Structure formats: C-alpha cells, structure tokens
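Below is one structure; the comments refer to it alone.
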Amino acid sequence: MGLRNNFLRLMDQYSDVYDLVFKTKDFKNSFSDLIRKDIPECIKREISLPDDIYKIKGSCGAGRWTAVPWIAIFDTRITSSAQKGIYIVYLLNKDTKKLYLTLNQGATNIAQKGDEDTKPRFSSIAIINNKETDEQLERNAVEIRNELKIAQAPYSNLINTGVTGYDMGAIYSKEYTMDSLPEDAELVKDLEDFISYYKQYYENIYRRKDNEGKKALVSVEDNGLADKEKIDQICKYIESKGFSYEDNLIENFYLSIKSKPFVILAGTSGTGKTRLIRLFAEAVGATARNGRYLQVAVKPDWSDSTDLFGHVNLNNEFVPGAIIKFIKDAQENIVYPYFLCLDEMNLARVEYYLSEFLSVIETREIDEHGKIVTDALIPKSCYWGDKNAERTYGGLVFPENLYVVGTVNMDETTFPFSRKVLDRANTIEFSYVDLLPLFQNNNEIVGMQELTNDIFKANYLNIMHCADKAEYVVQICEKLQEINSILRECEMHFGYRVRDEIVFYMLNRKSADILSEDEAFDNEIMQKILPRIQGSGIAVKDMLCRLFSEVCAGEYDGMNGSSDSEQMKDYITKHNCTYIKSAEKIRFMVRRFEEDGFTSYWL
C-alpha cells in the first residue's frame, strides 16, 4: 500500500481500534503494525534518506496506547527521541480524524528543565507548569520561524491534535482531512518540503547554536582578522596564562596541523607539551567544557584499536571506544575545530593501536563541494550485526575539522616510532625550557577567539592542488631532491608523502606570512627528515656530516667526512648557519655516534 492508503486506514480506523484496545486490554493489537512498521517502511521507500543520519519511527504508545499516534523522522545529529529536540512528525487527532504533518519540538524535556537542544539558542525561561511549557514551546516556534525565514512555508498555531504540547510546539504544519487527502505524489512532495525545512534548521540554527554557560573564558569574536593576526592573538593568550615557549613554536605548531592533522610533540617530561595543546585549543574556542577538546591517556597495554574505537561484547553489542563519540560530534559540528590529545602516546606501540587511524588519514580527498572526505573509520563488519551501532557510527569518517596531537617522552620506558608513524606526522621536538615566570603579564586579560575551522582546514591534499604555484613548488622540491640524494646512500631517503607535506607546510607559511623562508624549511628538516635517521654504521655518520656541510651550514666546506662534533660546534658558534636548528641537531647526533657508536634523532 502507498502512503495515501496507509494514512486513510490510520485516520479512519484508529479511533475505533483505540476504544477496542482499552475495552479488551489487548495492548498488542496488530493494528499497531500499521504505525510502527508499515507507514515507516512506506516512507523509506518513497523518500531517499541516509540511514546513518535519519531514523524513522512510529508509535501508538509505550505499553498503553496513546490518544495521538505519531510517525516521526529524526535527524539523529539533533535528536532520536520525541521527548526533546526538533523533528518531523505526523500527528493524528483520532476524534476529528485530521492528520497533521509538522516540524515540531519535543515537549517533555522542556517541561522538566528547559530543552537543551533549543534553550541555548532561544529563550531560557525556567519551566514550572504546563502553561509555561506551552508558552515556551510557542516562543521557540516563533523564534525558529523568524530565524529560518522560509518564504511561504505552511504553519499555523491552530492545529488541534488534542495535546497542547504538540499544538504549541508546531513550527510548520500542514493539515489533511480524509476528504482532502491528496495522492501519493503530493504527499511525498509535502514531506520532501518538510525535510528541506528540517535540513535548513540543522544547517542554519542547530549547528550554530552557541555554548553559553560552558565557556570559562572571555570570547573574542572572529572579526575578519588576517591569519597572521589570529595566530598572534593565540600566542598572546598562551603567554597570558604564564607559559613561555621557544620563539615561533606556536606558529610552527599551527602550520604543522594545517599541513597535516596529525602532529607529535616530543621531548623531556614536564616541558609543557600537553599544556600547549590544551592552551592552543582553548585559545581558539575549543575546550573540554564545550566538548571540542578531548585528552586521552594512552595505556601501556593497548595492542590494537579497540580501546580507541570500540569493541563488540559477549552479547554482540558494540561498545564505543574512548574517542568514537568525540569524533562523531566533530563530524556533526564541522564548522568548528576539534582537538584530540593522545597523551604519552608511545607508552604503547603507536602503529598497533593507531594503524587504522593512520591509514584513513591517507584516504583524504576533496569532493566536488570542496569538503574533505575519507573512507569510513570503522568498517561495517566490525559491528557484528549490531544495527543500532551501525546506524549511529557507520558513517563515521576522519572529519576535516579534527586535529590529532600526540605527546611523547623519549626514554627507556617508551617505544620508538616506526617510519609509518613518522612519515604521517610533523614531529616537533621540545627542548626549550624558560623557568622564569612572566609575572609582568599577569594582569593582562587576553580572551579566547571563537575561530571557525576555516583557518585550520587543509588547503592542499595532493601535489596537483598546488599547480598554480608550480614555480615555488619546484624550488622547494629541488632542495628536497638534494637532501634525498644524500639520504639515499644509507637507504634512508623519503618518498612522495614526505615531499608533499613539506611542500604544503611551505605554501601555508607563505600564504599566512608567518616565519621566514629559511626558518620554515629548517623546521621541516627537523620534523620530517631527521627523525627518520638512526644507525650504527660509519656511513650514517658520513651522511650526517654531508647534511651538515652541504645543506645546513651554508658556506662551510671543511669537513670532508673526517670532522667531528666539536668542529661542527665551533662552526655554529662563529657563523650563521642557513638552517640553524637542524645544524645543532645534526651536531648532537654526530656527537652521540662518536660516544656510543650509534645515533638517532631521539634523546
């Protein structure tokens, strides 16, 4: 049966069946299948809606039958319950036999405490009794209509279902009688219109709702400042919190996460790695209180991804992992950046518990709408038939507004990184510590900025995205070719992924006009190339000496393969090296080789 015939049966027979049910106490009457099964399935056949977002449900009551049966369409990003949020719902007045198609509000939560799905955006009056609940619902309906401003959309405050919560909560509505019920094509068109209103509500209101009462700090609006000025504001915010970081570290961190949403902060324990991530996120409006910052402590026994993503229990029910709900929230609120901190991430082997994550990052591509999309984070087979979980998390991807930052302490208690991990991250080393507190700034109030994801979203995912800047890209690649020819001698040369990400970093630097050309390239040698180098053969030392003399030192040509770390130190002291940080690091690695017969980037 089509929609029209199903609705006619519902409108014509429900009142009689309702009376019969209460007379016989047969609350399992088969007529309920029409509402709970037949009409929802009919809607699914007629209207194409993504299963991972929309849920269709019909009800004639839980246990006892209700006087107003309903069939609802929920956008699960907003709500999956008729008690709260905004949703589309067909409502029947069994006595008048009128059917109403409405965009409506859940009234139960408003009556109890004020609906959290609408209250932050609209009025926040405390609800005490039914009259005040009805007034609140009506105010919400008016305010939502005024915000959406959909021309000629049908609405009425005069719908009469017999339940005032439904009547007052109706934002838009259309009335059908048995005599005026149109054919299927028009019913489908009406429903598609309401789905359009629903989508506009999600895009224009729900996603923009603020987090009043959840922010602990003063907010500075994004008022058209240039990227450079926004980064400068972030630096001032972090400094005002009493934390001092090496010159241009914040700028480097920003360029790193913009170039690739996976960054590793490495170094001595207690140098402020975790605090930097938290303060940086806080400075742009992403906090633990508003749900846009999450810190997860990595456990030594993690040997696969189940602790992060989830597992199936003995009852074949999917149990979400530590980060899955956070990622889902990020995907549903794509306007703002989300920061995930994996604290002490190398207490377990990163390539074991993060392997799926690292692989999915590499599937990123830009679709025809300019959105960054990826493969699914969790394959359907992982749900083991748990349809609820599959509907909830089946469409989960690596969203374009998610930034993963790991902290690592390099000591005997932790695991080293594989090249699979190093190739996919910018690795920023922490060695600078300034123990003098900045009391002179403690009276300065520096507010957080409520920045959208636009400033962080990657501009390039493929080298061909840089075709309009070909001349500059070729200059960078020529430098990388020179470095790679030296690394090749020890089979430590890098591939296209490292090349591309260094190019993206340099292009982002140029676009934002932060850091000098040489300082930015110095960072990338430190972060993408040197961490790969380790070994005990004399060829490794010779390779490091060539990198120092031919790439980093500038005009120095006095090594000839026989110079040691003291000669490097003397040169660095007396001359201006082109890439000073990399030169210093290479000197450290050569000295370590001379002392231990083995060297690596890590302390």
Report summary line: Taking the stretch 561-579 and keeping residues open to solvent by 80 Å² or more (accessible area, probe 1.4 Å) and within 20 Å of A520 (Cα to Cα) leaves H575, N576
Report summary line: The condition of being under 32 Å from the mean Cα position of the chain (by Cα), crowded, with 18+ Cβ neighbours inside 10 Å and farther than 26 Å from L265 by Cβ holds, among V503, V473, V498, only for V473
Query raised in the report: What single numbered condition from (1) over 29 Å from C552 (Cβ atoms); (2) without any contact (Cβ under 8 Å) to a residue 12 or more places away in the chain; (3) among the acidic types (D, E) fails to hold for E491?
Result: (1)
Report summary line: Restricted to the stretch 511-546 and to residues being closer than 14 Å to A583 by Cβ and open to solvent by 30 Å² or more (accessible area, probe 1.4 Å), the residue modelled with the lowest pLDDT is R546
Query - Matching residues in the stretch 81-96 - criterion: being open to solvent by less than 60 Å² (accessible area, probe 1.4 Å) and either in contact with a Leu (Cβ under 9 Å, 6 or more places away or on another chain) or of a type in the set (S, T, N, Q) (or both) - result: S81, I86, Y87, I88, V89, Y90, L91, L92, N93
Query raised in the report: Quick check: anything in the stretch 25-33 without any contact (Cβ under 8 Å) to a residue 60 or more places away in the chain and under 16 Å from G2 (Cβ atoms)?
Result: no
Requested in this report: From the list S582, S549, pick out the single residue that is open to solvent by less than 10 Å² (accessible area, probe 1.4 Å) and assigned to a helix (DSSP H, G or I).
Outcome: S582
Query raised in the report: Among the listed residues I323, I378, I327, which satisfies the condition of being of a type in the set (A, V, I, L, M), crowded, with 16+ Cβ neighbours inside 10 Å, in contact with a Leu (Cβ under 7 Å, 6 or more places away or on another chain) and modelled with pLDDT under 90?
Result: I378
Query - Options L308, L314, L255, L276; residue that is outside any helix (DSSP H, G or I) and not polar (S, T, N, Q) - result: L314
Query raised in the report: Only one of these conditions is not met by T108: (1) hydroxyl-bearing (S, T, Y); (2) open to solvent by 10 Å² or more (accessible area, probe 1.4 Å); (3) modelled with pLDDT of 80 or more. Which number is it?
Result: (3)
Requested in this report: Could you please let me know if K37 is open to solvent by 80 Å² or more (accessible area, probe 1.4 Å) and in contact with a strand residue (DSSP E or B) (Cβ under 8 Å, 6 or more places away or on another chain)?
Outcome: yes
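The values are calculated or read from the model by the stated rules, or taken from the named source; none is laboratory data. Keep in mind that this is a model prediction, so the values were computed, not measured. Using ideal geometry, Cβ is built from the backbone for each residue, glycine included, and neighbour counts are taken over all protein chains shown. Accessible surface is based on the protein model in full, side chains and every heavy atom, while ligands, DNA and RNA are left aside. Shrake-Rupley method; radii C 1.70, N 1.55, O 1.52, S 1.80 Å.
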